Amino acid sequence: MKRKSIFSLVVMAAVIGVLLFSASASVMAQDEEVTITVGTWADESFEAAVELFNDKYPNINVELQLAAINDHHDNLLTRLAAGGEVPDVAYLEDQYISTLAARGGFVDLSQEPYNGDQYKDELVGYPFAQATTQDGQLVAMPTDVAPGTIFYRHDRLEELGVDIEDIKTFEDWIEVGKKFTESGENRWLIGDVANIYTMMVNGSSTDRYFNENGELVINSPRFLKAFRTAKEVRDMGLDAEISEWTNEWFTVLREGQVLMQPSGAWLGGHLKDWIAPETAGKWRVTSFPEGYDGPWGGSFAGIPKSSDNKEAAWKFIEFMATDRAVQWSNFRIADMFPTIEDLYDHEAFAEEIDFYGGQKARLVWKETILNIPAINTNQHDSFVMDMMGNALGEVLEGNKTPEEALNETETLIERRIRR
């Protein structure tokens, strides 16, 4: 018994020594400086977010790799496909996430040592579905959500004697758009009619292009209605045929030449900061008509498998997705809506916002977010999105009917998928 007790004490001492050494090594590792690269598109809130991160993790230097949103995703796709150098943290916009995940180049954040699933009950639900592959891998964490909304010129509606409460359907918007277009030169309902289609496709459906069984659902009444409505707006001359993020688009927004602009709530930050700050008080926001609640953007952050700094990269992602201070900072600066659901109960959501003429706009956006269902994503989403854009173009140019375009596009997509 005595020899056994001595042996046990020796073993215990050895174990304690190992634990003490491990703890010491861990502290040393935390104190050691490391630099991570973070690839994202430019955003005015990012510098403040990084400062908050460095307040907590002063030993982790953040090197930003900024690019325009499309360039950022194109470069990421190309480098993943070619096995090229990618950032330690890669930001992904919602429409690209499934395609990038399918390349197999991202760490599964639901597994040890990340355990990202632990935050499911704390964060808004629908983005988790977007970031989870069909085989259950969590390829990125949602860092902000983007409720779809309509920014409209309240002053222009007043000139027409129209109350926003009387606009309940897409047809109502078209009728008001006709009145506005007839009221003066260079006036349109909307800048780019493709946004009508986007509202109707993104809104209130668990299926975007594929259902939960991976079956293509584009040849359906939902898409047919979207194509027909967009074509109707074009044929009536109610859209300015102006692409977003062009000088012409900025001008019509500033001058009030378009009645409405569908987008994500984040556009408000750009409108008040640099696109049209002089229009303060003239804008209001409202939900998509007919209950078409849906997202318009939203950001996720994942760790490429080739990252050499996965531990530090996870600390950055976890902080951006779950830290209340940084979520609140992003919200205040750029109308980037929090992923932490209980933040929506804060009194700030009921504040009157001067830019929107004292409207409590955040309550509109909060209701939209909480009504968005979990959305099925598929590895072919971005490819199908491009194909549908081409099909819509054929319809708008009068080269094909909506029925012909959907039938032909469905055949082309299914043929491509079977390869």
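The values are calculated or read from the model by the stated rules, or taken from the named source; none is laboratory data. Note that the structure is a prediction, hence the values are computed from the model and not measured. Using ideal geometry, Cβ is built from the backbone for each residue, glycine included, and neighbour counts are taken over all protein chains shown. Calculation scope for accessible area: heavy atoms of the full protein, side chains included, ligands and nucleic acids excluded. Shrake-Rupley method; radii C 1.70, N 1.55, O 1.52, S 1.80 Å.
Annotations for the structure displayed:
- Hits in region 332-366 (condition: under 14 Å from Leu123 (Cβ atoms), free of Cβ contacts under 8 Å to residues at least 40 places away in the same chain and aromatic (Phe, Trp, Tyr)): Tyr344
- Taken as a whole, region 332-351 holds at least one residue that is in a strand (DSSP E or B), open to solvent by less than 20 Å² (accessible area, probe 1.4 Å) and touching a strand residue (DSSP E or B) at 6+ places or on another chain (Cβ under 9 Å).
- Any hit, region 223-238, residues being of a type in the set (Lys, Arg), touching a residue at least 60 places away in the same chain (Cβ under 8 Å) and under 30 Å from Thr132 (Cβ atoms): no
- Residue count for region 393-408, restricted to those that are in a helix (DSSP H, G or I), open to solvent by 10 Å² or more (accessible area, probe 1.4 Å), under 21 Å from Asp192 (Cβ atoms) and not small (Gly, Ala, Ser): 3
- Evaluating Arg153 against the criteria (1) within 17 Å of Val384 (Cα to Cα); (2) open to solvent by less than 30 Å² (accessible area, probe 1.4 Å); (3) basic (Lys, Arg) leaves one unmet condition, (1).
- For region 252-288, the candidate set comprises residues that are part of a helix (DSSP H, G or I) and open to solvent by 10 Å² or more (accessible area, probe 1.4 Å); within that set, the residue that is nearest to Gly116 (Cα to Cα) is His270.
- Residue satisfying condition, being more than 23 Å from Trp365 (Cβ to Cβ) and either touching a residue at least 24 places away in the same chain (Cβ under 8 Å) or open to solvent by 40 Å² or more (accessible area, probe 1.4 Å) (or both), within set Trp188, Trp249, Trp245: Trp188
- Annotation note: of Val193, Val201, Val217, the sole residue that is surrounded by fewer than 18 Cβ atoms within 10 Å (Cβ to Cβ) and under 19 Å from Asp386 (Cα atoms) is Val217.
- Verdict on Asp293 being under 22 Å from Ala129 (Cβ atoms), in a loop (DSSP other than H, G, I, E, B) and open to solvent by 20 Å² or more (accessible area, probe 1.4 Å): yes
- Residues being farther than 30 Å from Val201 by Cβ, out of contact with any Leu (no Cβ under 8 Å at 6 or more places or on another chain) and at pLDDT 95 or above are entirely absent from region 333-348.
- Residue in region 152-169 that is among the aromatic types (Phe, Trp, Tyr) and out of contact with any Lys or Arg (no Cβ under 9 Å at 6 or more places or on another chain) present: no
- The set of residues in region 207-251 that are in a helix (DSSP H, G or I) and in contact with a strand residue (DSSP E or B) (Cβ under 7 Å, 6 or more places away or on another chain) contains only Val233.
- Condition check for Val364: of a type in the set (Val, Ile, Thr) and either in contact with a helix residue (DSSP H, G or I) (Cβ under 7 Å, 6 or more places away or on another chain) or closer than 30 Å to Asn61 by Cβ (or both): no
- Hey, Glu44 assigned to a loop (DSSP other than H, G, I, E, B), open to solvent by 30 Å² or more (accessible area, probe 1.4 Å) and either modelled with pLDDT of 90 or more or not polar (S, T, N, Q) (or both) or not: yes
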